[in-house]
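Working notes, structure below.
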Amino acid sequence: MEDLIKKAAKDLAASKDVVALTGAGISVESKIPPFRGKGGLWEKIDPMEYAHIDAFNKNPTKVWNVLLKDMKEIIDKAIPNDAHKGLARLEELGILKTIITQNIDGLHQMAGNTDVIEFHGTYAWHRCMDCKNRCKSSRIDLTNIPPLCDCGGIYRPEVVFFGEIIPPEHLWRSRQLASDCDLMLVIGTSATVQPAALMPHIAKESGSKVIEINPEETPLTESISDYLILGKAGEVMSSIITELERLL
Ligand code: OAD
């Protein structure tokens, strides 16, 4: 692992156009559980029953009670960990340009990154299903479930539910960045949900290096990634930053 950390630091120092693709794993050390694997949310509840837009439309109270309420409470408490901070430092150093994140927790922006594509939307805002009024999550009152807008409509978070499309401008821009970058860091994603999982493929086909950071192998590991640094995102990123700062 030491060798791969040195190699990643060298590769980052030699790159001009780095893009990061992040997933739930990068926020695990911030105490937000992932979806798949050990302790994953989808082990406890069926995503089709609770995270599909049809399920929400059919019974918003059930989805709010079982999934959204807890999620809001966990996200409200979370703070960036060393992996988020490491990516913010990479931007400060002029190495990292953009983060494409599948996460809805806002931790990259809280850590200081300024160009973050929220591929699956954000939990920072809610929208009324009827009048479309937008409201900051911090102002959503969960005393009564589901939370209601002044017009009587139900609030939903501005996240992408299963069965909904990725905002086209996010998809278009991510594809562009993936094909233009010279190095893609893929951190804490199982790389199983499309179209996000396509981005490392596009990067690779366009001649970019792909470096994965994950405690487990993924479908990208053998075929797409140049190498996988096996480990927790926070620990690996802080070692890479220490090594990189020595090189610069
Ligand atoms: P997953 O939950 O599918 O995968 C989490 C990944 O993080 C796994 O590969 C783990 O091995 C890895 N992991 C766990 N702990 C880690 C740590 N400390 N450091 C680094 N990696 C760690 O999450 P995503 O790939 O983000 O979509 O899932 C993609 C999408 O599926 C989510 O955005 C969500 C979900 O359904 C929607 O809700 C639309």
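The values are calculated or read from the model by the stated rules, or taken from the named source; none is laboratory data. Owing to the predicted nature of the structure, the values given are computational and were not obtained by experimental measurement. Methodologically, a virtual Cβ is constructed for each residue, glycine included, from the backbone with ideal geometry; neighbour enumeration extends over all protein chains shown. Surface accessibility is based on the protein's heavy atoms, side chains included, excluding ligands, DNA and RNA. Shrake-Rupley method; radii C 1.70, N 1.55, O 1.52, S 1.80 Å.
Close amide H pairs (under 5 Å, H built 1.01 Å from N) link L21 with I100, L185, V186, I187, residues at least 5 positions away or on another chain. Could you list the trypsin sites (Lys or Arg not before Pro) in the stretch 1-82 that lie in coil according to DSSP, counting only those with at most 14 other Cβ atoms within 10 Å of their Cβ? Sites meeting the loop and neighbour criteria: K16, K31, K38. Surface composition of the stretch 24-73: carbon and sulfur atoms hold 54% of the protein heavy-atom accessible area at a 1.4 Å probe.
Order V159, V66 by their accessible area, 1.4 angstrom probe, all chains in place, largest first. Please list the in-between numbers first.
Working: V159 20, V66 60 Å².
Solvent-accessible surface, decreasing: V66, V159.
Over all directions, the projected convex hull of the C-alpha atoms in the chain averages 12.7 nm² in area. Given a 1.4 Å probe and every protein chain left where it sits, what share in percent of the accessible area of the stretch 101-151 is carbon and sulfur? That fraction is 45 percent.
Normalised by 2.2 N^0.38 Å, where N is the number of residues, the C-alpha radius of gyration of the stretch 1-119 stands at 1.25.
Leaving ligands, DNA and RNA out of it, report the carbon-plus-sulfur percent of the accessible area of the stretch 157-248 at a 1.4 Å probe. Mind showing how you got there, number by number?
Numbers: 2200 of 4190 Å².
Using a 1.4 Å probe with all protein chains present, the stretch 157-248 comes out at 52 percent carbon and sulfur.
Applying both filters, DSSP loop and at most 14 other Cβ atoms within 10 Å, to the trypsin sites (Lys or Arg not before Pro) of the stretch 82-150 gives K132.
Past 32 Å, Cα to Cα, is the threshold; run K10/K69; K10/K136; K62/K204; K31/K136; K10/K44 against it and keep the listed order. K10/K69; K10/K136; K62/K204; K10/K44, as the Cα separations exceed 32 Å there. Solvent exposure of the stretch 1-73 amounts to 52 Å² per residue of accessible area, where only protein heavy atoms count and the probe is 1.4 Å.
With Cβ to Cβ distances under 11 Å as the rule, what net charge do the other residues near S15 carry (K, R +1; D, E -1)?
Details: positive: K10, K16, K97, K209; negative: D11, D17, D182.
So the environment of S15 carries a net charge of +1.
First select every other residue whose beta carbon is under 14 angstrom from the beta carbon of N133; then total the charges, Lys and Arg +1, Asp and Glu -1.
On the way: positive: R127, K132, R134, K136, R139, R156; negative: D130, D150, E158.
Residues near N133 contribute +3 overall.
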